[in-house]
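Working notes, beginning with the structure itself.
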Amino acid sequence: MRSPHDQRLVAVVPRATPADADAALQAATAALHGPWATTSGTDRAERIRHVSLGLQSRADELAGIITDEMGSPAKFSLFGQVLAAAMVLEGFADLAETFPFVAERPGVVGPCLVQKVPVGVAAGIVPWNVPLFITCMKLGAALAAGAPIVIKPSPEAPVSSFVLAEVLLDADVPPGVVSILPGDADLGRHLVTHPLVDKVSFTGSTAAGRQVGALCGEMVKRCTLELGGKSAGIVLDDADLATTVPQLLDAGLQNNGQVCAAQTRILVPRGSADVVVDALVDHVRTLVVGDPRAPETDIGPVVSARQRDRVEGYVREGAAGGARLVCGGGRPVGLDGGFYVEPTLFADVDNASRIAREEVFGPVLTVIPYRDVDHAVALANDSPFGLSGSVWTADPERGVAVAGRIRTGTCAVNSGVVVEPRNPFGGFKSSGVGREMGPEGVEAYLETRTVVLPPA
Ligand code: NAD
């Protein structure tokens, strides 16, 4: 692993082989049929809390690792990558204690027991952008449900998962219940198609998610897909720009713009578009671009040379397609050793253009003017994706009404919260299938069984 800031060596990481995966899946199958699957929710909650505390006790170390391996700014790494992951686990610990794993319901001849039992062996496939957080979304749900899980981190950001493995050992999570296998897409495919895997939880690009979903469909495997996004932040005409602009830009540019739920389409009233664009540009110019380890840095490098090429391709395309480049667009001066792209803002963007429809996954935002609220809602919904979004207004009731019309899995009013750690997260349309976190997230690792009780 090399740092995207200056290419220095961060770690040397072994890659798991298909034989390692086979051994991990056999151990997981043994755990499924051993005592783990029938432990009480309270016992499992205790294990999950141990893991959360273990991550918190090593938070600075973990944040440093993630910053080094994929360039996340230090301040985002600590809160957005590590402490948020611990918070997700705490949510699942509470759910393990309270989830209704069994309920008695009336039946035709007598009562029935409706039982929620572990789905089987799960495979969790994780991208590089928020590696520990996404791992914990899958890990916490699987542990809460009692389903053993084999997790595959991405080749670009596997190092924090080695610390997580140590934390799991310290927490006495039994053998086979969790295995972590760093590897590439071929290992991912091996897991997806493996006969010992009953459920796949995949987070990554929509292109790869389509393939994973198709393979799962053929084999009738349970499957959760968390994919890409192109979310809209709607600035209503009564929004207070002084409070809206910094939060909205953070929701679009955090983690160097590499967040699936990033709000990369900023919808503004046509009549005041210039005022909003000026306020956005003024704020973008205050952002500190540079070494992600520096505490003051707002924007670090993107993850790789390939990712920078991709982002720059979209910037060229945006400019050539008639969008107005109002700031950024180039490489920042003095940072030639890393994969940097200036925070970039396009105004007067056509919602039908590629930079408005496709996920750029870098610090590039589009500003799209709208005529009235109905037009804003129509533009927000006119996207192949449906992951997240926000509405900004002086009138919270009006904001909630508009949020209710947006076809996305999450929509915040007057905050840049893109993921709510104790509530369901997932996508409409090409942003995915299924939900993670909250009770819905636990449910995704369960099968439902009806036991018909003897007639009275
Ligand atoms: P990616 O699709 O290239 O890879 C994601 C993971 O899947 C990696 O571990 C990779 O090795 C593995 N993989 C790739 N192809 C596979 C295949 N055919 N079969 C099995 N495994 C395969 O994505 P990435 O570049 O690592 O991550 C960025 C993408 O992830 C963006 O599109 C982003 O929007 C998305 N993402 C979505 C969410 C969400 O919750 N919706 C969260 C974070 C990232």
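Worth pointing out:
- Within segment 49-96, the residues that satisfy the criterion of being small (G, A, S) and more than 24 Å from M1 (Cβ to Cβ) are S52, G91, A93, A96.
- Count - residues of segment 14-60 that are of a type in the set (V, I, T) and under 26 Å from A157 (Cα atoms): 3
- A search for C-beta distances below 8 Å between a residue of segment 432-456 that is among the β-branched types (V, I, T) and any residue that is part of a helix (DSSP H, G or I), counting only pairs 6+ apart in sequence or on different chains, returns V433/G213; V442/F92; V442/L95; V442/A96; V442/A141; V442/A144; V442/A145.
- Within segment 321-345, residues that are at positive phi sit with their Cβ atoms under 8 Å from residues that are charged (D, E, K, R) and surrounded by 18 or more Cβ atoms within 10 Å (Cβ to Cβ), at 6+ positions apart or across chains, in these pairs: G328/E342; G329/E342.
- Considered as a group, the residues in segment 180-192 that are in contact with an Asp or Glu (Cβ under 9 Å, 6 or more places away or on another chain) and near the ligand (Cβ under 9 Å from one of its atoms) include one that is farthest from A123 (Cα to Cα), and that residue is G183.
For (1) buried (at least 23 other Cβ atoms within 10 Å of the Cβ); (2) modelled with pLDDT of 95 or more, each residue gets a yes or a no:
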| residue | (1), (2) |
| --- | --- |
| T67 | yes, yes |
| M70 | yes, yes |
| P73 | yes, yes |
| L78 | no, yes |
| A84 | no, yes |
| E97 | no, yes |
| V108 | no, no |
| V121 | yes, yes |
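- Of residues in segment 414-434 being within 10 Å of the ligand (Cβ to nearest atom) and over 18 Å from V391 (Cα atoms), the one surrounded by the fewest Cβ atoms within 10 Å (Cβ to Cβ): G426
- Annotation: of all residues in segment 193-212 being assigned to a helix (DSSP H, G or I) and under 25 Å from V364 (Cβ atoms), the one that is nearest to the ligand (Cβ to nearest atom) is A208.
Residue-by-condition table, conditions (1) small (G, A, S); (2) under 22 Å from D298 (Cβ atoms); (3) within 16 Å of the ligand (Cβ to nearest atom); (4) modelled with pLDDT of 95 or more:
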| position | (1), (2), (3), (4) |
| --- | --- |
| G337 | yes, yes, no, yes |
| P343 | no, yes, no, yes |
| F346 | no, yes, no, yes |
| N351 | no, no, no, yes |
| R354 | no, no, yes, yes |
| V364 | no, yes, yes, yes |
| R371 | no, no, no, yes |
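- Within segment 359-367, the presence of at least one residue that is open to solvent by 10 Å² or more (accessible area, probe 1.4 Å), out of contact with any strand residue (DSSP E or B) (no Cβ under 7 Å at 6 or more places or on another chain) and closer than 18 Å to A251 by Cα is confirmed.
- Number of the condition not met by S154 [criteria: (1) of a type outside the set (A, V, I, L, M, F, W, C); (2) open to solvent by less than 10 Å² (accessible area, probe 1.4 Å); (3) out of contact with any strand residue (DSSP E or B) (no Cβ under 7 Å at 6 or more places or on another chain); (4) in contact (Cβ under 8 Å) with a residue 60 or more places away in the chain]: (4)
- Any hit, segment 377-390, residues being within 16 Å of the ligand (Cβ to nearest atom), buried (at least 23 other Cβ atoms within 10 Å of the Cβ) and of a type in the set (F, W, Y): yes
- Segment 72-129, residues that are of a type in the set (S, T, N, Q) and over 27 Å from the mean Cα position of the chain (by Cα): Q115
The values are calculated or read from the model by the stated rules, or taken from the named source; none is laboratory data. The model shown is predicted, which means the values in this text are computed figures rather than measured ones. FYI the Cβ positions are ideal-geometry reconstructions off the backbone, even for glycines, and counts take in every protein chain you see. Remember, those area values only see protein heavy atoms, side chains included, never the ligands or the DNA or RNA. Shrake-Rupley method; radii C 1.70, N 1.55, O 1.52, S 1.80 Å.
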